[in-house]
Amino acid sequence: MLPVNTDLKDRARQLGYQSIYIGTEPTLSLEQYDPNLDQIPNARNLYNKGVRVKEVKWADFSPELICDANKICQDWLNNLRMTPLSFLNKVLPWELGSEKRYFFLETSQNTLMAFLVAVPIPTRQGWYLVDCLRGTHCPVGTSELLTLEAMRLLKESGAKEATLGVSPLAEMSSQKLQHPVFLYRLLSFVFHRLQFFYRFKSLYEFKIKFRPTSCEPAYLIYSPGSLT
């Protein structure tokens, strides 16, 4: 399943397809956005303690680095309440590694704490921050510091945009008057009330704290009658 933006949704509708709103995609225009650590105190506190983020090129990966990162990835997967929504995103950080950019967060003793993977969006001169993986016992602010510093490094290298990916079911209430009304109400209930199964709301709140410059609607396109 691939979420699409409003432009592609409108083009598909002209060809006879229908669509349903499935979430929103927080996006940051790096030309306007300042990834300042002061906006998230927990991230600033970690930085003051000597925690740093560095980018490592795919060609410079060592077996030790991959081993440590794989442990973090497995730790993260083991502690999920349910399996990731693989129909939207699979956790495959090393696939097509030469096309991606990798950011690693380390303590002052060079111990790996977390890492972030970005994939290119060539037509927009942007990057999709697809995987942000951290160990279970990392301190508060780890993901925030990693994300802010990754965006700073992307901006310094000339990137124009960074997206945090679609937040499934977010802002469903804005669709309550659209068809199918019952489905939108049901999905809104899932977003707000069923956090035990999947943290849709928490994920959205995490992304919004970065103060995105826009939140683009995301849609699922389907053939008429296929959802009835």
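General remarks:
- Relative contact order (percent, whole number), segment 1-137, Cα cutoff 8 Å, 6+ residue spacing: 23
- Projecting the Cα atoms of Thr123, Ala69, Ser108 onto the charge dipole of segment 38-143 (Cβ charges, centred on the Cα centre) puts Thr123 farthest toward the positive pole.
- Placing pseudo-labels 7 Å out from each Cα toward the beta carbon at Thr111 and Lys209 gives an inter-label distance of 2.2 nm.
- Pairwise FRET efficiency - Glu95 versus Arg13, Cβ, R0 = 41 Å, nearest 0.05: 0.80
- Charge dipole (the chain, unit charges on Cβ, about Cα centre) - positive-most of Ile40, Thr147, Phe206: Phe206
- Taking Pro63, Pro93, Pro212 as the candidate residues, the one with maximal mean-square fluctuation in a Gaussian network model of the chain, Cα springs under 10 Å, is Pro63.
- Each semi-axis of the equivalent ellipsoid for the chain is √(5λ) with λ an eigenvalue of the Cα gyration tensor; in descending order they amount to 32, 19, 18 Å.
- As a size descriptor, the averaged projected area of the C-alpha convex hull of segment 47-173 was calculated at 9.3 nm².
- Each residue, Ser202 and Ser62, gets one label point 7 Å from its Cα in the Cβ direction; the gap between the two is 3.4 nm.
Values in this text are rule-based calculations from the coordinates and carry no lab data. If you're wondering where the values come from, they're calculated on a predicted model, not measured in any experiment. Cβ sites come from the backbone with ideal geometry, for glycine too, and all protein chains shown count toward neighbours.
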